[in-house]
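Enquirer: This is the structure I want to talk about, given as structure tokens.
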Amino acid sequence: MWVYYDISRKAYFSAAHHLENYEGKCASIHGHNFCVEATLKLKKQIPADYIPSYIEKNNGIAIDFGELKKWLTELCDVLDHKDLNEIFGVPPTAENLAMFFTSQIANRARKFFMDAHKDLILESATTNIWENEKSCAAVTISC
Ligand SMILES: [Zn+2]
């Protein structure tokens, strides 16, 4: 049978953006305190009768939260206190920000698990981008 792990970490950045070809308040430049939540889904095949955690080769840790923190900090630093329209060649919507973060996190995670954790299979990377407490877009990339 398969056991699945979802490992998540949050980070925050503040930035401005506006939406072009859009009728409404978001057509004007405005800012958000964005919350980014990255989740890696990992899986491992275990015997059907096995009960305890099965990642003991890594001291019970699938991936250190600090690793995800490092990746998110690198990416947030690129965007923090910037005008996102000047950075991206596409409209800086929550969906496109989620795609940016997810593709970058997926690339780092593929390399990480290729190098260090052959007993765990990286299944997917997901990023949720929260523009505020109520509005979130998520993108998942299968790895
Ligand atoms: Zn906005």
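Enquirer: Fewest first, what order do 63, 46, 129 take by the number of other Cβ atoms within 10 Å?
Expert: 46, 63, 129
Enquirer: Same structure again: Under a point-charge model restricted to the Cβ atoms of Lys and Arg (+1) and Asp and Glu (-1), what is the dipole moment magnitude of the chain relative to its Cα centre, in debye to the nearest 20?
Expert: Dipole magnitude for the chain comes out near 400 debye.
Enquirer: For the chain, what proportion of DSSP beta bridges, expressed in % and rounded to the nearest 5, is antiparallel?
Expert: 95 percent
Enquirer: Listed here are the pairs 43/111; 41/134; 70/134; 10/44; 10/82; which of them are more than 22 Å apart at the Cα?
Expert: Listed pairs above 22 Å: 41/134; 70/134; 10/44.
Enquirer: Using only Cα atoms, tell me the angle between helix 65-79 and the longest principal axis of the chain; keep it within 0 to 90° and round to the nearest 10.
Expert: The answer is roughly 20 degrees.
Enquirer: Taking the Cα centre of the chain as the origin and placing charges on Cβ (Lys, Arg +1; Asp, Glu -1), which of 48, 29, 11 is farthest toward the positive end of the dipole?
Expert: Going by the charge dipole, the pick is 48.
Enquirer: Per the helix-only calculation at 222 nm, which mean residue ellipticity applies to the chain, given -39500 (n - 2.57) for every DSSP H run of n ≥ 4 and division by its residues, nearest 500 deg cm²/dmol?
Expert: Rounded to the nearest 500, the figure is -9500 deg cm²/dmol.
Enquirer: OK, next. Can you find, among 88, 126, 62, the residue farthest towards the positive end of the dipole of the chain? Put +1 on the C-beta of Lys and Arg, -1 on that of Asp and Glu.
Expert: 62
Enquirer: Kirkwood hydrodynamic radius for the chain: how many Å is it when counted over pairs of different Cα atoms?
Expert: Computed over the chain, the radius equals 16.4 Å.
Enquirer: Round to the nearest 10 and give me the degree value, 0 to 90, for the angle of helix 94-116's Cα axis relative to the longest principal axis of the chain.
Expert: 30 degrees
Enquirer: Among 110, 9, which comes first, then next, by fewest other beta-carbon atoms within 10 Å?
Expert: 110, 9
Enquirer: Which of 115, 83 comes first, and how do the rest follow, when ranked by fewest Cβ neighbours within 10 Å?
Expert: Ordered from fewest to most neighbouring Cβ atoms within 10 Å, 115, 83 come out as 115, 83.
Laboratory data are not the source of any read-out in this text; all were calculated from the coordinates shown. Owing to the predicted nature of the structure, the values given are computational and were not obtained by experimental measurement. Using ideal geometry, Cβ is built from the backbone for each residue, glycine included, and neighbour counts are taken over all protein chains shown.
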